[in-house]
Amino acid sequence: MKNAVGREIPDFLLVNGKEVYQGKNYMDGKYIQKASPRTRRYEKPQESKIVETLADALRQCGARDGMTFSFHHHLRDGDFVVNMVMKAAIEELGLKDLTIAATSLGNAHDPIADYIEQGKVIGIQTSGIRGRMGEVVSAGKLKTPAIIRSHGGRPRAIEGGEVHIDIAFVAAPTSDCVGNCRGIGGKSNCGSMGYAMTDAKYADHVVVVTDCLVDFPNMPASVEAIDVDAVVVVDSIGNPKKIASAAARISQNPRDLMMAENVAHVIASTPYFKEGFSFQTGVGGPSLAANLFLEKYMDERGIKMGWAIGGICGPMVELLKKGKVGKVIDVQDFDLDAVNSINQTPNHFEMSASQYANPANKGAFVNKLDFVVLAALEVDTDFNVNVLTGSDGVLRGAPGGHPDTAAGSKCCIIVTPLIRGRMATVCEHVVTVTTPGDCVDVVVTDYGIAVNPLRPDLIECLDKAGIKHVPIEELKEKAYSLVGRPDDLEWEDKVVAVLEARDGTILDVVRKIKPYTV
Amino acid sequence: MIPRPKPERFRLRRTMIFMSAQKPGLIKDAYIYGVDSIMLDLEDAVAENQKDAARFSLYHALKTIDYGDTEVIVRINGLDTPHWQEDIRVCVAGGADGIRIAKCESANDVRTVEAAVEAAEREFGVEVGRTLLMAALESPKGILNAYEICAASDRMFGVAISGGDFRKCMQTTFQRDGIDMVTARGMMLMAARAAGIQCFDTVFTNLDDAEGFEAEVRQNKAMGFDGKSLINPKQIRLVHEVFAPTEKEVIQAEKIVRAYREQSAAGVGVFTVDGKMIDIAFIPGAERTLRLARACGMYEGDLV
Amino acid sequence: MEILKPAMAGTLESSDAQVTVEPGEGGVTLELHSSVMNQYGRQIKATVLETLERLGVDNVRVTVVDKGALDCTLKARVECAVYRSCDMSQANIPWGGVIR
């Protein structure tokens, strides 16, 4: 069946109430029945929940074949925990047919590719999928289609019972002996633990994995002891250098700066840019540099940012400390400046993924967001964005909070170079739709700016401010004139991944790529 | 094939950026930075055993890439190498706007290159005289012969100094106040002005020293240079800012040109503007200011 | 043109292509590896074969390792490799003739 963005969704996926994507805000006003986990009662007092090994923890939680394990990705490319737990489950306990439901998976998780090839892991549910795992899933080696969800869609799916987590593994930079966790104070700090919170409340069992045991009580706790079954202390939960980079530096690349300046100019031309405005930005070169130019406009007009959300890094913390932004609400920290600021600097708060972006609750932060600046792997002439598959058709990205912030914000700006190597960013049809075009307002490239025709109000703003813009078709033609028009990718029938929209309907599918041979 | 407009001997050349002819990935979108000239390099940026490969890359880069309004100059290898003749053939055949003669020391060097360029223009059916020339002075002898070099050919549009090699010859090193190069710069400027062509200063290689770069650019402007050679796109913005006329200068220039045109139509050759005596000698400078202002987006009128 | 000995041009840097030509075994054999194989494999093959044909090379074994090079770069690398294989790459190249 064709959905609202023109993608063909195979009928075999439309079972158990699953529908195709039908546009923004389709589920507004409907009701959701929340699921309840089945949890053990620990009435008898125990001094400590510490168990010796991950294998012991798995056994204590009754780990069996066919279970779903969940993980968060606050340790990013420095994570050791997913690999350690899966190794214990598969090699020590001999379990198989497992599903991994992580908030995201990345380059740190190449060993999982082996387990997929061996048929031990048969299901993956995640936002991000990269590296060898991406290649293996694209090649059709995973037994069931991978399910890709945004940061807002995942808590919705868990709360509504679509995903049942048997055991949630919470990597914690610090924990006390009964499982009160925090993201700071240890040796592998990650700051916010927002992505772990929903799992801790809805999983049947929760195991905390930490490399830094601290005195009881570890307060204020991001994950609370009342939800935790067992605590395992390991030598290291991750590589600190890859968890939080040294302070993110603003790009010096003139191309990035040029695009960033245009982004700030566009923002300043809209009526939403007024005292108390709200803002979110990514951490890519031009996105981050936009902060710099935006500050200039803020100073010029004498206005302050009311609040900022998102993944947070140094430059945003700087603005907070300078008093130029009122509050920062943080679901993930990217660098040490941000890690050291959360819950320490006044008005730098933590939030859960559900508070951040869940479309099925009674109003997440993204609903009140004015501006979001995002990147893209591809954007097509309908303004659909792809942040999941490369233009070679292989899984290598993550929707993350992209679809959520785009849907919620008043002005969504995509900033991206027109071409990357020989890959055209602006194209005819994106390989995979991860953010539908009706949520994307402005595209800023190094060859020009395009505004979605669905936003005549923004077109008027840019015209009034003297900002030149062109139809998006022109950008596409320019891209193809530089790199040549690519051939259409060829696909086999097999579906290797299903892309859910944030409301749970199906936005697109990724099939097994049929590689070109000479 | 992107047909290129005919090269202009006198045009805006505030910024001239070097790019290796062997790096197509960088060349293809150099023009979006808004630089005035791109200098594709066959000389120092290309290894000795890759000169042949660089020529093939250069030919296709000249023929297929859209450079917009940006000028394309090629720096060929010195006359003391076995490469310069084939370099000239590929430049002319590819349609480069101009050729930069490295290590130029005498008018004879210019004439030698000019003869080879003319022969190549005939060989490849290019309009004779189309390809422009500029000289890079890199030695004391080159500086001493600056005037004869500048005046050696109608194709000569400008002269530049190459600081790295020059400082070595002069047994000195980079100085923050510019005293190491002041004589050479001054002599070259005088020669260029006497011959009526443009003059460009050398590259500033320390990309981390923003203060030093700005100081040198401001000194360049104060000495009267037309522009500067660059090695990195992040240097472009400052040079354009510093070389831009002030708003006061633009308003003044507008007044002068407008007044002159009105007055000379009425048969008057000398008049006053804001209490200053103005005659035809002031017009080229005022028109140049307005053209510069237009390039910087400061002037949108129709006087030039 | 006849391929007299093995020759190579280009690098493995991003946006470049490394082209190696060797004397053939009767006919044109192409081995292609590309970072953009699925989207541009067919076009790269066409560009390489067209260039060889233009140079009058009909007996060659050519290997291309492409890192996202544009057509103009592919042509330049194939042409240079062919001319190097005949030791003719340094002078008197027919610019605008078979090189276009």
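The values are calculated or read from the model by the stated rules, or taken from the named source; none is laboratory data. From a predicted model like this one, the values you see are computed outputs, not experimental measurements. Reconstructed Cβ throughout: ideal geometry from the backbone, glycine too, with neighbour counts over all protein chains shown.
At least 1 residues that are of a type in the set (D, E, K, R) and surrounded by 15 or more Cβ atoms within 10 Å (Cβ to Cβ) in each: list the strands (runs of 3 or more DSSP E) lying fully within the range C:3-100 that qualify.
Details: elements: C:7-9, C:17-23, C:28-34, C:60-66.
Correct list: C:17-23, C:60-66.
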Name the residue that is surrounded by the most Cβ atoms within 10 Å (Cβ to Cβ), counting only residues in the range A:131-165 that are under 17 Å from A:V510 (Cβ atoms) and among the β-branched types (V, I, T).
A:I148
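Kindly provide the set of residues from the range A:370-395 that are farther than 17 Å from A:H151 by Cα and assigned to a loop (DSSP other than H, G, I, E, B), ordered by number. Before the answer, list the steps.
Going through the range A:370-395, the residues farther than 17 Å from A:H151 by Cα turn out to be A:370-371, A:377-384, A:389-395.
Correct list: A:D370, A:L377, A:T381, A:D382, A:F383, A:N384, A:G390, A:S391, A:D392, A:G393, A:V394.
Conditions tested, residue by residue: (1) more than 28 Å from A:A357 (Cβ to Cβ); (2) in contact with a helix residue (DSSP H, G or I) (Cβ under 9 Å, 6 or more places away or on another chain); (3) surrounded by fewer than 17 Cβ atoms within 10 Å (Cβ to Cβ).
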position: A:Y21; (1), (2), (3): no, no, no
position: A:E47; (1), (2), (3): yes, no, yes
position: A:M67; (1), (2), (3): no, yes, no
position: A:F80; (1), (2), (3): no, yes, no
Looking only at the range B:205-238, which residues are farther than 17 Å from A:P254 by Cα, buried (at least 17 other Cβ atoms within 10 Å of the Cβ) and among the hydrophobic types (A, V, I, L, M, F, W, C)?
B:V217, B:F225
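Within the range A:166-187, restricting attention to residues that are small (G, A, S) and in a loop (DSSP other than H, G, I, E, B), which residue is surrounded by the fewest Cβ atoms within 10 Å (Cβ to Cβ)? Before the answer, list the steps.
We begin by selecting, within the range A:166-187, every residue small (G, A, S); these are A:168, A:171-172, A:175, A:179, A:183, A:185-186.
Cutting the leftovers down to in a loop (DSSP other than H, G, I, E, B) gives us A:179, A:183, A:185-186.
Details: A:G179: 28, A:G183: 28, A:G185: 11, A:G186: 20.
That would be A:G185.
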Tell me which of these B:V217 doesn't satisfy, since it passes every other one: (1) closer than 27 Å to B:I32 by Cβ; (2) of a type in the set (V, I, T); (3) in contact with a Gly (Cβ under 9 Å, 6 or more places away or on another chain).
(3)
Going by what's in this entry, would A:S150 be described as under 28 Å from A:G66 (Cβ atoms), assigned by TED's automatic domain parsing to the domain that holds A:V121, modelled with pLDDT of 95 or more and assigned to a loop (DSSP other than H, G, I, E, B)?
yes
In the range A:169-195, how many residues are small (G, A, S), out of contact with any Gly (no Cβ under 9 Å at 6 or more places or on another chain) and within 12 Å of A:V231 (Cα to Cα)?
1
Scan C:V48, C:V64, C:V60, C:V28 and give me the residue that is within 14 Å of the chain's Cα centre (by Cα) and closer than 23 Å to B:G94 by Cα.
C:V48
Tally time: how many residues in the range C:71-100 are of a type outside the set (K, R) and within 13 Å of the chain's Cα centre (by Cα)?
13
Test A:V518 against the criterion of being touching a Gly at 6+ places or on another chain (Cβ under 7 Å), surrounded by fewer than 21 Cβ atoms within 10 Å (Cβ to Cβ) and in the same structural domain as A:N384 (by TED's automatic domain parsing), and give yes or no.
no
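If only one of B:R155, B:R100, B:R111 is charged (D, E, K, R) and buried (at least 24 other Cβ atoms within 10 Å of the Cβ), which one is it? Outline the logic, then answer.
Values: B:R155 fails: buried (at least 24 other Cβ atoms within 10 Å of the Cβ); B:R111 fails: buried (at least 24 other Cβ atoms within 10 Å of the Cβ).
Exactly one residue qualifies, and that residue is B:R100.
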Considering only the range A:77-121, how many residues are of a type in the set (A, V, I, L, M, F, W, C) and in contact with a Gly (Cβ under 6 Å, 6 or more places away or on another chain)?
2
Out of (1) over 17 Å from A:L13 (Cβ atoms); (2) within 14 Å of chain C (Cβ to nearest Cβ); (3) in contact (Cβ under 8 Å) with a residue 12 or more places away in the chain, the one A:W491 does not meet is (1)
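Quick check on this structure: which one of A:N367, A:N343 is surrounded by fewer than 18 Cβ atoms within 10 Å (Cβ to Cβ), at pLDDT 95 or above and not in a strand (DSSP E or B)?
Details: A:N343 fails: at pLDDT 95 or above.
Just one listed residue meets the conditions, A:N367.
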Hits in the range B:66-83 - residues which are surrounded by fewer than 20 Cβ atoms within 10 Å (Cβ to Cβ) and hydrophobic (A, V, I, L, M, F, W, C)
B:L79
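If you take the residues in the range C:27-53 that are out of contact with any Asp or Glu (no Cβ under 9 Å at 6 or more places or on another chain) and not polar (S, T, N, Q), which one is farthest from A:W491 (Cα to Cα)?
Step one: filter the range C:27-53 for residues out of contact with any Asp or Glu (no Cβ under 9 Å at 6 or more places or on another chain), giving C:29-31, C:45-46, C:48-50, C:53.
Keeping just the survivors that are not polar (S, T, N, Q) gives C:30-31, C:45-46, C:48-50, C:53.
On the way: C:L30: 25, C:E31: 23, C:K45: 21, C:A46: 22, C:V48: 26, C:L49: 26, C:E50: 28, C:E53: 32 Å.
By that ranking, first place goes to C:E53.
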Quick test for you: out of A:V483, A:V496, pick the one residue that is in contact (Cβ under 8 Å) with a residue 12 or more places away in the chain and within 14 Å of chain C (Cβ to nearest Cβ).
A:V483
Under 7 Å by Cβ, and 6 or more places apart or on different chains, what pairs join a residue from the range A:76-87 that is farther than 16 Å from A:T126 by Cα with one that is assigned to a helix (DSSP H, G or I) and of a type in the set (A, V, I, L, M)?
A:G78/A:A108; A:G78/A:I243; A:M84/A:L54; A:V85/A:L54
Would you call A:Y31 under 27 Å from the mean Cα position of the chain (by Cα), over 24 Å from A:E92 (Cα atoms) and in a loop (DSSP other than H, G, I, E, B)?
yes
I'd like the residue in the range B:115-161 that is closer than 15 Å to B:R193 by Cα and in contact with a Phe, Trp or Tyr (Cβ under 9 Å, 6 or more places away or on another chain) and, out of all such residues, is farthest from the other protein chains (Cβ to nearest Cβ).
B:I143
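Which members of the range A:96-125 meet the condition of being of a type in the set (S, T, Y) and under 14 Å from A:T68 (Cβ atoms)?
The first filter runs over the range A:96-125 and keeps only residues of a type in the set (S, T, Y), leaving A:99, A:103-104, A:115.
Result: A:T99, A:T103.
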Test each condition in (1) within 28 Å of B:F225 (Cα to Cα); (2) surrounded by fewer than 24 Cβ atoms within 10 Å (Cβ to Cβ) for B:E86 and report the one that comes out false.
(1)
Search the range B:119-135 for residues that are assigned to a loop (DSSP other than H, G, I, E, B) and pair each with any residue that is buried (at least 21 other Cβ atoms within 10 Å of the Cβ) and among the charged types (D, E, K, R) when their beta-carbon atoms are under 9 Å apart and the residues are at least 6 apart or on different chains.
B:F124/B:R89; B:R130/B:D97; B:T131/B:D97
Somewhere in the range C:62-70, is a residue in contact with a helix residue (DSSP H, G or I) (Cβ under 8 Å, 6 or more places away or on another chain), acidic (D, E), within 14 Å of chain B (Cβ to nearest Cβ) and over 18 Å from B:Q50 (Cα atoms)?
yes
